[in-house]
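Chemist: My structure is below; once you've seen it, I'll send some questions.
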2 protein chains.
Amino acid sequence: MSLDLSTLVQPASTKIVLVVIDGLGGFAGPERGSELEEAVTPNLDRLAAAGSVGLLDPVGPGITPGSGPAHLALFGYDPVEYQLGRGALSAAGLEYEIKPGDVAARGNLATLDSEGRVVDRRAGRLPDAEAVEVVKKLSENVAIDGVEITVAHESQHRVLVIFRGPDLSPAVSDTDPQTTGVPPSHPMAHVRFADRTAEVVAEFDRQVRELLADHPRANALLLRGFDSHRDLPSMHERYGVRSAAVAIYPMYRGIGQLVGMQVLPTPSTLEDELALLREHWDSFDYFFLHHKPADSCGEDGNFDGKVAAIEALDAAVPALLEMDPDVLVVTGDHATPSQMAAHSWHPVPVVMWGPLAGRDQVERFGERWCRDGALGRRPGTELMPIMLAAAGRLAKFGA
Amino acid sequence: MSLDLSTLVQPASTKIVLVVIDGLGGFAGPERGSELEEAVTPNLDRLAAAGSVGLLDPVGPGITPGSGPAHLALFGYDPVEYQLGRGALSAAGLEYEIKPGDVAARGNLATLDSEGRVVDRRAGRLPDAEAVEVVKKLSENVAIDGVEITVAHESQHRVLVIFRGPDLSPAVSDTDPQTTGVPPSHPMAHVRFADRTAEVVAEFDRQVRELLADHPRANALLLRGFDSHRDLPSMHERYGVRSAAVAIYPMYRGIGQLVGMQVLPTPSTLEDELALLREHWDSFDYFFLHHKPADSCGEDGNFDGKVAAIEALDAAVPALLEMDPDVLVVTGDHATPSQMAAHSWHPVPVVMWGPLAGRDQVERFGERWCRDGALGRRPGTELMPIMLAAAGRLAKFGA
C-alpha cells in the first residue's frame, strides 16, 4: 500500500533546486567511459564529494522514456498513471491551453502522390517559413459547423491541431498511417460517443487536402495521438511547494505548466536561466532548471558535444550554490547515449547536495561512481520525496 | 501480486533474535562519519565480517517514520496498511487493552486562562506526582451514563483516556486545538454514527474543566487521535513463531503486544534484558530485544552519547551469541541523526548473522560499509521473510 505524501507535507522556508541535464545518462564503451565519466566536471565532483549520489531508473527496467514521462517521474508523478498524449505535450509546449472537452492532436505536414498515397510523412522536413504559410492558409480557411479549430505551427513539419466544441472525444484513431505507399487512414471512432469526432476529423482531412491540393510537398496533414484535457494534480496540491520552471525549450516549459509550475519568462541561454533563478529566488520553494544541449548532442551521436554540454552545466554550479539552496539536485531525465543517438533505458546519475542530504564516500559524478552512492539505485519517482524530506518539508509518519 | 508468507510457513526448532537499536541510522557530515561509523564496535564488526549486511528503508523513500510504523515494518507488517493511532499506541504502551467497541484517545493536561483559552498545551510539563493526583481526581469523579471511562497517567502531562460502552465511534475530531490562544475545539462527529460519541466527549470535557477549575495549571484535558481497537494479525498467525518482546520502555512492549508477542517482565537495564532472553530462551522462537538509548541521545543532538549507546549494545553481542541463536539480526527501527536531533528518513544499517545468512566482503558495521553488503538496500518489511528463511522456517514455493 502506498502512502499519500500530501498527508505529510509541512510548511518550510527552504529552497529546492532540481537541475535536469536532458539526456544525461550514458554508458561506457570498450574504449572509454560515458560522456559524463569523460567530462571534466570539478564542480559536480565537489557536489558528489560533499553530498550523496545514486542512479535513477526513470520509468522502469528496460523502459526508454519520452521526455514527458521522464520529467513527470522526476517531479514524483507516476508516469504510468499519468500518461500524456502527443497532443497534450505539444499544446503545453506551445502554451496553448487544452480545456475540458477539447480534443488535441499532433499533426505532420506530409506529401501525397497523385493517387493520394503518402510519399513523405514529413514533407521533406520543409522549412519553418514555408510551413508557417501552409498553417496560416489552413487556419484561415478550414471551417466545420459547430467546431472551433486551431492549427498551430510547432517546427518544420510539426503542427498542433485543437478541436473545440460540444460532444467531442479523443477516442478516434490516427489518420497518420505511420508508413508510406498507402493513403492516410480513415479516422475511426473507438467508442460510439466518438462517432461525431471521427466525422469532424474526416471532414477536416478532406478540407485540408482540397486547400493544399496545389502545394508541391505539403499537401496533407496527418494526425496522430488524439488527446483531451489532462487535469494533473499540481505540485502545490501534492507537495505544498510553490514551483517554477526555467527552460529554454517550449516542451519543458509545457511539462512544468502541466504540473502547475509557474513558467518563468523564456530564457535564451544557461546564463539567462541562472539570472531568472536569482531574480525569482524569493517567490518560489522549488525550481526546475532544464539544460537541453546534452540531449540534442546525444541524439546527434555527438559524444564530444555532449561532453561539452555537461561541462557547460558544470561551470554553472558555483552560481547555483551562491543562491544558497537547501537542497540542490543535479540529474537527467533519461539517458541519451551518443552511441545510440537516441533516448535509452540506461540509468541516470543523480547527485543530491545539502545539509541533510548526507555524504557518502563517492568523490566523482558519473555512472560508475554513482553505483556506490548513498542514494542507491531507485525508480525516478522516489527522488521527489527524498528531496522534500531533505528540505524539511515532510512530517513524521505515524506516532 | 504479493505472496502470502503464511502459506509457506513450516515448523522448525530454530531461534531468531532481532535486536533493535532504536534510532540507529545516521549520516556522515563534512567532518566525520555517522555515529555508528565512528563508534568502536568490535563485536558488531565481527558479526558483519561473518554475516551479511545491508541498508533498510523503514517505510519508504523520504518518509520519516514514527516508532509505531518503524517497528511494524521490522516485524514484516506493511506500516501503511496497518496504521496505529496515538490512542492505540498509548494504550498498548500502558498495557491497557482496547477492546472492540472501545474508543481511546491521547490526552494532554493543559492550562486554560480565565477566558477558557489554551495558555499551555502541556500544563508546564507538570511533574508526574502532580499529574497522578489530577488523573486520580478525574478517574474518581467523571461519570457519564452508560459509558465506562478510564483515565490513566502516562508521564508528565500525557494521559490516556478510554471510553467503553455501546455505539461509540472513533470518528470524532480532536478537542486539542494544537495551538494556544484559542479555546479547546468542540468535538465534531465525522460520521452520523459518531454523533453520540461527540456528545460524550463534549460532556467529558465539560466535567473535566468543572472538576479542575481551581487547579493552577492542569485545568483541562485536551484529547487527540481518537482510535479504536486494532486487530492486527499476530506474528504466530503470519509466521508460525512464538514471539517475545523484551523492552524497557512501555511503548515498545506495547507495539510487541499489538502483534501478539508475549511481553516479558519489564527489565531495567540491558543486562536485565539479556537475562530475560536467557531465562525464556526455550519458550519462544523469536525474540525482539529493544535498545532505546541510541534514539534518546540522537533526539538530544548528543553525538557522543549515541556513540556510547551503540558501543554499550556492542558489548552485549557476545552474550547474545552465547545463547546460540540460529539467526541474529542487529538493526535500527529508523534513523535519528544527532545532527537533526529528530527521527529522519535516512536508511538504517542491518547485519544478519547465522549459518544460513551468508557472508559478504564487508567487515565493518556502518552506513558506508553496509551499502556494499549482500542484503542490499531494501524496504524494512523485507527483513522479516529473509530472517524466517535463514531460520529454516519458510518452505519452497512451487514445485
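Chemist: If I stretch the segment between B:Val40 and B:His229 completely, what's the gain in nm (0.36 nm per residue apart, minus their alpha carbon distance), one decimal?
Modeler: Taking B:Val40 through B:His229 to full extension adds about 63.7 nm, to one decimal.
Chemist: Using the alpha-carbon atoms, what tilt in degrees (0 to 90, nearest 10) does helix A:128-141 show relative to the longest principal axis of chain A?
Modeler: 50
Chemist: Right, here's the next one. Over the range B:92-239, give the accessible area per residue in Å² for a 1.4 Å probe, as an integer. Mind dumping the intermediate values first?
Modeler: Values: 6970 Å² over 148 residues.
Per-residue accessible area for the range B:92-239 comes out at 47 Å².
Chemist: Oh, and also: Using bins 10 angstrom wide from zero, how does P(r) for the range B:1-82 break down, in % of all Cα pairs?
Modeler: 12, 35, 36, 14, 3
Chemist: Across peptide B:54-64, how many C-beta atoms of other chains are within 10 Å of each residue C-beta, on average?
Modeler: Numbers: counts 0, 2, 0, 4, 1, 3, 7, 15, 16, 11, 7.
So the per-residue partner count for this stretch is 6.
Chemist: Within 10 Å of each Cβ of A:368-378, how many other protein chain Cβ atoms are there on average?
Modeler: Rounded to a whole number, the mean comes out at 3.
Chemist: Select from A:Leu47, A:Ser13, B:Pro250 the residue farthest towards the positive end of the dipole of the protein assembly as shown; place +1 on Cβ of Lys and Arg, -1 on Cβ of Asp and Glu, and compute about the Cα centre.
Modeler: Working it through, the farthest residue towards the positive pole turns out to be B:Pro250.
Chemist: At what distance in angstrom do the alpha carbon centres of the range B:165-180 and the range B:204-240 lie from each other?
Modeler: 9
Chemist: How far is it, in nm, from the label point at B:Arg164 to the one at B:Glu81 when both lie 7 Å from their Cα along the line to the Cβ?
Modeler: 3.1
Chemist: Let me ask something else. Any residues in the range B:67-100 that have 40 Å² or more less accessible area with all protein chains than in their chain alone, probe 1.4 Å, and which are they?
Modeler: B:Val80
Chemist: B:Lys396 label point, 7 Å along Cα→Cβ, cut-off 20 Å on backbone N: hits in the range B:1-41?
Modeler: Backbone N within reach: B:3-13.
Chemist: Under the Kirkwood approximation applied to all pairs of distinct alpha-carbon atoms, what is the hydrodynamic radius of chain B in Å?
Modeler: Computed over chain B, the radius equals 22.4 Å.
Chemist: Checking an interface number: how much accessible area is buried between A and B, summed over both chains, with a 1.4 Å probe, in Å² rounded to 100?
Modeler: By this definition, chains A and B bury close to 2300 Å².
Chemist: Still on this structure, I have one more. Taking 41 Å as R0, compute the FRET efficiency from the Cβ-Cβ separation of B:Ser155 and A:Glu363 and round it to 0.05.
Modeler: For B:Ser155 and A:Glu363, the calculated efficiency is 0.30.
Chemist: Ok, one more. Filter the trypsin sites (Lys or Arg not before Pro) in the range B:1-92 to those in DSSP coil with at most 13 other Cβ atoms within 10 Å of their Cβ, and list the result.
Modeler: Those that pass, being in a loop and sparsely packed, are B:Arg32.
Chemist: To continue, here is another question. By how many degrees, between 0 and 90 and to the nearest 10, does the Cα long axis of helix B:195-211 differ from the longest principal axis of chain B?
Modeler: Relative to chain B, helix B:195-211 is tipped by roughly 70 degrees.
Chemist: Quick one: check the C-alpha center-to-center distance for the range A:262-286 versus the range A:326-399, whole angstrom.
Modeler: A separation of 22 Å, based on Cα centres.
Chemist: Helix B:270-280 versus the longest principal axis of chain B: what is the Cα-based angle in degrees, 0 to 90, to the nearest 10?
Modeler: Result, in degrees: 80.
Chemist: Another question, then. Mind checking which lysines have their Cα closer than 28 Å to the Cα of A:Lys136? Skip sequence neighbours fewer than 8 apart in that chain.
Modeler: Counting by Cα, and skipping residues close in sequence, A:Lys136 has these lysines nearby: A:Lys99.
Chemist: Still on this structure, I have one more. Averaging over all projection directions, find the projected area of the Cα convex hull of the range A:51-159 and quote it in nm² with one decimal place.
Modeler: For the range A:51-159, the mean projected area of the Cα convex hull comes to 11.1 nm².
Chemist: Which translational diffusion coefficient, to the nearest whole µm²/s, is obtained for the range A:246-303 from the Stokes-Einstein equation, given a Kirkwood hydrodynamic radius over C-alpha pairs, 4 °C and 1.567 mPa s? It would help to have the intermediate numbers written out before the result.
Modeler: Values: Rh = 12.2 Å.
Translational D for this selection: 106 µm²/s.
Chemist: Indicate the residues belonging to the range A:1-34 that lose 40 Å² or more of solvent-accessible heavy-atom surface (probe 1.4 Å) upon moving from the chain alone to the assembly of all protein chains, ignoring ligands and nucleic acids.
Modeler: A:Met1, A:Leu3
Chemist: Still on this structure, please answer the following. Roughly what % of Cα-Cα distances in the protein assembly as shown sit above 47 Å, to the whole percent?
Modeler: Within the protein assembly as shown, distances greater than 47 Å cover 35 percent of Cα pairs.
Chemist: Taking square-rooted eigenvalues a ≥ b ≥ c of the alpha carbon gyration tensor, is the range B:191-294 rounded, prolate or oblate, where a/c under 1.5 means rounded and, failing that, a/b exceeding b/c means prolate? Please report the intermediate quantities before stating the final value.
Modeler: Numbers: a/c = 4.47, a/b = 1.83, b/c = 2.44.
Oblate shape, in that a/c is at least 1.5 and b/c is the bigger or equal ratio.
Chemist: Test of understanding: given chain A, find the longest segment containing no GluC sites (Glu not before Pro) that are in a DSSP loop and have at most 13 other Cβ atoms within 10 Å.
Modeler: Counting at most 13 other Cβ atoms within 10 Å as exposed, the longest clean stretch of chain A is A:116-362.
Chemist: Between beta-carbons, use under 14 Å as the cut-off and find the net charge around B:Glu199, counting Lys and Arg +1, Asp and Glu -1.
Modeler: Net charge around B:Glu199: -2.
Chemist: Subtract the Cα-Cα distance of A:Gln178 and A:Thr266 from 0.36 nm times their separation in residues, and report this length gain in nm to one decimal.
Modeler: Working: separation 88, 0.36 × 88 = 31.68 nm, distance 3.33 nm.
Separation in residues times 0.36 nm, less the Cα-Cα distance, equals 28.3 nm.
Chemist: Expressed as a rounded percentage, what relative contact order does the range A:170-296 have, with Cα pairs under 8 Å and six or more residues apart? Write down the numbers at each step before the final one.
Modeler: Working: 170 pairs, mean separation 25.2, N = 127.
Here the relative contact order equals 20 percent.
Chemist: Hey, what number do you get for the protein assembly as shown at 222 nm if only DSSP H runs of n ≥ 4 count, each worth -39500 (n - 2.57), divided across all residues, to the nearest 500?
Modeler: -9000 deg cm²/dmol
Chemist: I'd like the carbon and sulfur percentage of the solvent accessible area for chain A, probe radius 1.4 Å, heavy atoms only, ligands and nucleic acids excluded.
Modeler: It is 49 percent, rounded to a whole number.
Chemist: Along the Cα→Cβ direction, 7 angstrom out, place labels at A:Met340 and A:Arg242. What is the inter-label distance in nm?
Modeler: With each label point 7 Å from Cα toward Cβ, the separation is 4.0 nm.
Chemist: Is there a simple number for the mean count of other chain Cβ atoms within 10 Å of the Cβ of residues in A:357-363, and what is it? Spell out each step's value before the answer.
Modeler: On the way: counts 2, 12, 10, 5, 6, 2, 0.
Partner-chain Cβ atoms within 10 Å, mean over residues of A:357-363: 5.
Chemist: Taking 0.36 nm per residue of separation and subtracting the Cα-Cα distance, what length does fully extending A:Asp324 through A:Ala50 add? Can you show the working numbers first?
Modeler: Working: separation 274, 0.36 × 274 = 98.64 nm, distance 1.48 nm.
So the chain would gain 97.2 nm between A:Asp324 and A:Ala50.
Chemist: Something else about it: Taking the full set of protein chains and a 1.4 angstrom probe, give the accessible area of A:Ser13 in square angstrom, rounded to the nearest 10.
Modeler: Rounded to the nearest 10, that gives 110 Å².
The values are calculated or read from the model by the stated rules, or taken from the named source; none is laboratory data. As the structure is a prediction and not an experimental result, all values here were calculated from the model. Because the Cβ atoms are built from the backbone with ideal geometry, glycine has one as well, and the counts that use them run over all protein chains shown. In case anyone asks, the SASA skips ligands and DNA or RNA and just uses the protein heavy atoms, side chains included. Shrake-Rupley method; radii C 1.70, N 1.55, O 1.52, S 1.80 Å.
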